[in-house]
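The structure appears right after this line, and notes come after that.
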Amino acid sequence: MKALFKLSLHFIAIFTLTAITQIGGLIYILTLTLTKAYRLSKLSSLGLFLVGYLVFSLLILPIVAPAFGRTPLPLTGNLRPLNYLTCLLNRHYVRPQLKEQMEQIANRMEAKFDGTKTNYLDANFPFFDRFPLLPHLSHNDGKKLDLAFYYLQNNTRTDSAPSFIGYGVYDEPADGELDYPTMCREKGYFQYGLLSAFVPQWNKDDYKLDVERTVELISLLVEHQATGKVFIEPHLKERWHLNQLDKIRFHGCQAVRHDDHIHTQLQ
Ligand SMILES: [Zn+2]
């Protein structure tokens with residue numbers, strides 16, 4: 001009975017690590033094998049897992065991923081992660097065309113708004129099409145990328161965001177605006193706005209969405225010939241007078257709400 005319980009815990013750990021990082025489950029299995037073979041202590045085993053994971057994530061994956069048609073997004077410069085955890089979890093891989101497009105756009109943003117850094121959020125894993133990057137089911141082919149909105153703090157431009165992961169602090173519909181968050185919730189899509197329950201909201205009042213830079217970023221994405229679709233919440237599309245832009249679509253109630261970030265994808 002105890003052995004079965006232990007085995008179940010190993011399976012849960014492998015599944016969770018694979019779902020979050022893609023390669024974590026594999027490193028876990030390798031660690032277990034070496035731990036058994038060399039009768040390692042729990043502490044040595046944990047150390048081995050951490051070192052193995054870091055070596056793979058930081059050194060090996062960036063070299064191997066191009067053979068699978070993916071490349072890591074930059075860690076520094078005008079285009080960078082909002083949170084380095086995104087990269088530590090291997091969630092910053094895209095097709096080379098998307099990297100090139102986003103670097104161009106981030107440089108144009110910096111040229112127009114001096115000093116602006118464009119922050120990316122979740123992209124894709126390094127390997128295999130149709131391997132979803134949960135909870136984003138569609139981020140499974142290297143063509144998808146989420147971008148943080150730009151914000152103001154005390155009416156001054158900032159490179160940070162109210163949510164430490166970029167998701168979950170929303171710019172809600174005002175009275176009289178299209179309200180898909182309420183409509184989706186009433187239809188039973190409980191996941192639509194679920195993230196705000198897990199993401200601290202204490203910074204929300206210190207930040208104001210920087211509409212000027214955010215709309216410019218959306219315009220650059222839409223104008224770019226490589227872009228297939230852009231998702232933002234319908235009330236923001238209407239509020240920012242972007243209704244004429246066909247590439248901006250509604251993502252559907254089965255997704256999560258997009259009044260905290262922009263989703264862009266290649267054709
Ligand atoms: Zn997305």
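Laboratory data are not the source of any read-out in this text; all were calculated from the coordinates shown. Small disclaimer: the values here were computed from a predicted structure and weren't measured. Positions of Cβ are backbone-derived with ideal geometry, glycine not excepted, and every protein chain shown enters the neighbour counts.
Values for this structure:
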item: Distance between region 66-124 and region 175-203 - C-alpha centres, whole angstrom; result: 27
item: Entries in Lys117/Lys187; Lys6/Lys143; Lys117/Lys144 that, when Cα-Cα distance is taken, lie over 27 Å; result: Lys117/Lys187; Lys6/Lys143
item: Ordering of 68-76, 136-144, 239-247 by packing [mean C-beta count within 10 Å, highest first]; result: 136-144, 68-76, 239-247
item: Phe11-Ile29 pseudo-label distance in nm [points 7 Å out on the Cα-to-Cβ vector]; result: 1.5
item: Cysteines having no other Cys beta carbon under 4.7 Å from their own, within the chain; result: Cys87
item: Folded to 0 to 90 degrees: helix 42-54 orientation relative to the chain principal axis, Cα; result: 40
item: Value of Rg/Rh across the chain [Cα atoms, Kirkwood radius]; result: 1.01
item: Scattering curve values for region 2-66, log₁₀ I(q)/I(0), Debye with Cα scatterers, q = 0.12, 0.20, 0.24 Å⁻¹; result: -0.33, -0.83, -1.09
item: Region 46-184: proportion of alpha-carbon pairs further apart than 18 angstrom, %; result: 62
item: Acute angle (nearest 10 degrees) that the helix 2-21 long axis makes with the longest principal axis of the chain, alpha-carbon atoms; result: 40
item: Choice from Ile27, Ile63, Ile218 showing the highest fluctuation, given a GNM over the chain with Cα pairs closer than 10 Å; result: Ile63
item: C-alpha long axis of helix 211-223 to longest principal axis of the chain, angle in °; result: 80
